[in-house]
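Structure first, then comments.
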Amino acid sequence: MEKFDTLIIGGGPAGLMAAMKAGSYGQNVAILEKNHSLGEKLLISGKGRCNFTNAERDLKAFISRYGENGKFLYSAFSKLSPKDTVGLFRRIGVESVEERGKRIFPASGDSQKVLDALIMQCKKFNVKIMRSTPVKALKVKNSHIQYVITDSDEYEADKYIIATGGKSYPKTGSTGDGYTFAQQAGHTITKLFPALVPIRTKETWVKLANGCNLKNVRLNVLLDGEKIDERFGEMEFTNFGVSGPIVMDLSAHVPDWEGELQFSLDLKPTLTNEILTARVKREIKKSEGHKRFVGLVRSLLPAEMVKLILELSDVPHDKPVEYISDEEIADFVKLLKDIRMNVNGLWSFNNAVVTRGGVSLKEIDPATMKSKICDNLYFAGEVLDLNGPSGGFNLQICWSTGYTAGSI
Ligand SMILES: Cc1cc2nc3c(=O)[nH]c(=O)nc-3n(C[C@H](O)[C@H](O)[C@H](O)COP(=O)(O)OP(=O)(O)OC[C@H]3O[C@@H](n4cnc5c(N)ncnc54)[C@H](O)[C@@H]3O)c2cc1C
């Protein structure tokens, strides 16, 4: 049986970072990767541009973006902070640029460059990369991993790092195997949910605006009729609900909100009802009676929204604007400021950017990423019960926990 100092299961960003770090000590390191190629999810990250971290420099503010579980990351971030990450990538040949929302991308705008740089470092440190080698099981005895089992072989190591990712976007190789391995070693897996994922609505009329991308809108969240949250920014209608940045970020919280969950979309959040009413009346006056209701809607909203608004409004689309009553104007203004949608759950793991939930953090030492249950087992990356919003926060989990797990 071939034996290594450190054996890493999974060749994504967390596994590659762990391998690079472990290899830098001169250790004999191997990665077992089930796909034919490494880092498939990393390659599609940031729409192929890889938003690999975030330039928020206040560590407390950075960590607060991960919610309650974020405090687990203090120790890993003290070993490799987001700022250190930018420096590390620069040293291995990846210059970066900062964009909107403090998002950091490789200056080349190409995720392949990030992956290539990591693989190059692994090669430099003679990490043995075994592709098309899915791990099937761990052989565990007395809280100690004896070896791992693949289709054709068994491999032994002093230290094992599980970096198999979560369950999101399974076509990239992250099919949740790491949770099974963790359970074989005696670990608890917290409840798993898709996160950073589109949200379904009960209303089917959303499809009338399918693909419509709205900027500068406000989405209010109502639980049993009470406002509990709001987001301002970009959202999109889909065939079955809503998506886009503000919706994706809200999706991670949806499982916590038990009760009747509704969205109220304000298409004109910077205008009060009075100002919007005056604006509508101005449009009507300007048209000198030549416009119909559909023309009025067109003058106020993006073209892709017109069908949906006509469907939701009681005013006939061909009604001449001079016959629209004050009451109808008031209802129209109310509609533009409060389109109600009933949440009907999240879309599936197939379309989720990350997984919420994972290996329970209570069972892992945050200073080393070492299991508190199994004496030669470590974890890194999305397999852990950690997830953040979009903006480079999720890859930062991988870099810092991978670096920590690979350290000796
Ligand atoms: C479309 C999309 C865009 C994204 N964009 C961004 C972004 O711009 N910024 C950001 O911060 N985050 C982004 N993310 C999230 C980020 O890509 C993930 O958080 C990150 O890839 C997780 O890394 P990981 O190494 O933990 O797991 P993965 O990247 O999932 O890698 C795990 C690896 O383990 C392998 N594996 C699994 N099981 C086995 C097994 N049994 N045996 C051997 N190997 C196995 C898999 O094949 C895979 O190669 C995006 C995600 C998606 C889906």
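Only sites in a loop by DSSP and with at most 14 other Cβ atoms within 10 Å count here; which chymotrypsin sites (Phe, Trp or Tyr not before Pro) in the range 1-55 make the cut? Working shown, then result.
On the way: sites: PHE4, TYR25, PHE52; in loops: TYR25, PHE52.
Those that pass, being in a loop and sparsely packed, are TYR25.
Taking amide hydrogens as modeled 1.01 Å from N in the peptide plane, which residues meet the under 5 Å criterion relative to LYS370, leaving out close sequence neighbours?
Residues meeting the criterion, in which the H sits 1.01 Å from N, are ASP365.
Among the listed pairs LYS47/LYS124; LYS191/LYS362; LYS141/LYS167; LYS21/LYS60; LYS21/LYS139; LYS139/LYS362, which are separated by more than 20 Å between their Cα atoms? Walk me through the intermediate numbers first.
Numbers: LYS47/LYS124 29 Å; LYS191/LYS362 14 Å; LYS141/LYS167 27 Å; LYS21/LYS60 26 Å; LYS21/LYS139 25 Å; LYS139/LYS362 23 Å.
In this structure, LYS47/LYS124; LYS141/LYS167; LYS21/LYS60; LYS21/LYS139; LYS139/LYS362 exceed 20 Å between Cα atoms.
With 10 angstrom as the radius, rank ASP229, ASP84 by how many other C-beta atoms surround their C-beta, starting from the fewest. Don't skip to the answer; put the middle values down first.
Values: ASP229 12, ASP84 16.
Arranged by neighbour count, lowest to highest, ASP229, ASP84 become ASP229, ASP84.
Percent relative contact order of the chain, based on C-alpha pairs within less than 8 angstrom and at least six residues apart? Spell out each step's value before the answer.
Working: 920 pairs, mean separation 100.9, N = 408.
In percent, rounded to a whole number, it is 25.
Taking N as the number of residues in the chain, what value does Rg over Cα atoms divided by 2.2 N^0.38 Å take? Show your work: numbers first, answer last.
Details: Rg = 25.3 Å, N = 408, 2.2 N^0.38 = 21.6 Å.
Normalised by 2.2 N^0.38 Å, the Cα Rg of the chain equals 1.17.
With only alpha-carbon atoms in the gyration tensor, what are the semi-axes of the equivalent ellipsoid for the range 125-264, in Å, largest first? Each step should come with its number before you reach the end.
On the way: eigenvalues 363, 64, 31 Å².
Semi-axes, largest first: 43, 18, 12 Å.
Out of the trypsin sites (Lys or Arg not before Pro) in the range 110-165, which ones are loop residues according to DSSP with at most 15 other C-beta atoms within 10 Å?
Values: sites: LYS113, LYS123, LYS124, LYS128, ARG131, LYS136, LYS139, LYS141, LYS159; in loops: ARG131.
In loop regions of the range 110-165 (DSSP not H, G, I, E or B), the sparsely surrounded trypsin sites (Lys or Arg not before Pro) are ARG131.
Can you pull out the trypsin sites (Lys or Arg not before Pro) in the range 184-253 whose DSSP state is coil and whose Cβ has at most 10 other Cβ atoms within 10 Å? Each step should come with its number before you reach the end.
Details: sites: LYS191, ARG200, LYS202, LYS207, LYS215, ARG218, LYS227, ARG231; in loops: LYS191, LYS202.
Sparse-neighbourhood loop trypsin sites (Lys or Arg not before Pro): LYS191.
Amide H to amide H, which residues 5 or more places from ARG49 or on other chains are under 5 Å from it, using H placed in the peptide plane?
For ARG49, the qualifying residues are SER111.
Give the shape of the range 360-408 as rounded, prolate or oblate, defined through the alpha-carbon gyration tensor: a ≥ b ≥ c are the square roots of its eigenvalues, a/c under 1.5 means rounded, and otherwise the shape is prolate if a/b is larger than b/c and oblate if not. Numbers along the way, then the final one.
Details: a/c = 3.01, a/b = 1.68, b/c = 1.79.
Oblate, because a/c is 1.5 or more while a/b does not exceed b/c.
If you plug each phi of the range 384-398 into the Karplus form 6.51 cos²θ - 1.76 cosθ + 1.60 with θ = phi - 60°, what whole-Hz ³J(HN,Hα) values come out, in order, with x for Gly and Pro?
My calculation for the range 384-398 gives 6, 7, 9, 7, x, x, 6, x, x, 6, 7, 5, 4, 4, 5 Hz in order.
Rule-based calculations on the coordinates, nothing more; no lab input. If you're wondering where the values come from, they're calculated on a predicted model, not measured in any experiment. Virtual Cβ from ideal backbone geometry, glycine too; neighbours counted across all protein chains shown.
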